[in-house]
Amino acid sequence: MLLENGLDFYNLLKYDDSGNASQDENELIDHIFPPKEVKTETGEMLTRYVSRAKPSRQDAQILQERLDRCLAERMASTKGLCEVREDLYSKAFDELIRQVALENPDRGMLLV
């Protein structure tokens, strides 16, 4: 299966002997979550990448707690359309995709 930029998805799913993500898998994660350029207070440009750390069950639980807390803090409506709720759920879903893609890249691509 070829991705938009011509990368072969199945050849990207490789790990080295230590269980760390291979360079090709890093390309896949960068394809799903492109690096962002940010400017520091001093004017220096930096590139931010998503974390490549393998997720744990506790990470998913922490995500749920943070989502619940943010929904309450920002007083997201539970009825009808709510831009705040939509924004928070979108960010939470992106984090879930990242966690799943790091654990099982095949499943991560299905979620995208």
Let me spell it out: the conditions are (1) open to solvent by 90 Å² or more (accessible area, probe 1.4 Å); (2) modelled with pLDDT of 85 or more, and Glu4 meets all of them except one. Which number is the exception? (2)
Among the numbered conditions (1) over 12 Å from the mean Cα position of the chain (by Cα); (2) at pLDDT 90 or above; (3) surrounded by 13 or more Cβ atoms within 10 Å (Cβ to Cβ), tell me where Ala76 comes up short. (2)
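Just name the residue that is farthest from Ala92 (Cα to Cα) out of those in region 44-58 that are surrounded by fewer than 10 Cβ atoms within 10 Å (Cβ to Cβ) and in contact with a strand residue (DSSP E or B) (Cβ under 7 Å, 6 or more places away or on another chain). Before you say what the answer is, go through the steps one by one.
In the first step, residues of region 44-58 are kept if they are surrounded by fewer than 10 Cβ atoms within 10 Å (Cβ to Cβ); the result is 44-45, 47-48, 57-58.
Okay, now just the ones that are also in contact with a strand residue (DSSP E or B) (Cβ under 7 Å, 6 or more places away or on another chain), so 45, 47-48.
Details: Met45: 27, Thr47: 22, Arg48: 18 Å.
Among those that are surrounded by fewer than 10 Cβ atoms within 10 Å (Cβ to Cβ) and in contact with a strand residue (DSSP E or B) (Cβ under 7 Å, 6 or more places away or on another chain), it is Met45.
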Can you tell me which of (1) out of contact with any strand residue (DSSP E or B) (no Cβ under 8 Å at 6 or more places or on another chain); (2) touching a residue at least 24 places away in the same chain (Cβ under 8 Å); (3) open to solvent by less than 100 Å² (accessible area, probe 1.4 Å) is the one Pro34 doesn't meet? (2)
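The values are calculated or read from the model by the stated rules, or taken from the named source; none is laboratory data. Values in this document were obtained by computation on a predicted structure and should not be read as measured data. Cβ coordinates were reconstructed from backbone atoms using ideal geometry, including for glycine residues, and neighbour counts include every protein chain displayed. Remember, those area values only see protein heavy atoms, side chains included, never the ligands or the DNA or RNA. Shrake-Rupley method; radii C 1.70, N 1.55, O 1.52, S 1.80 Å.
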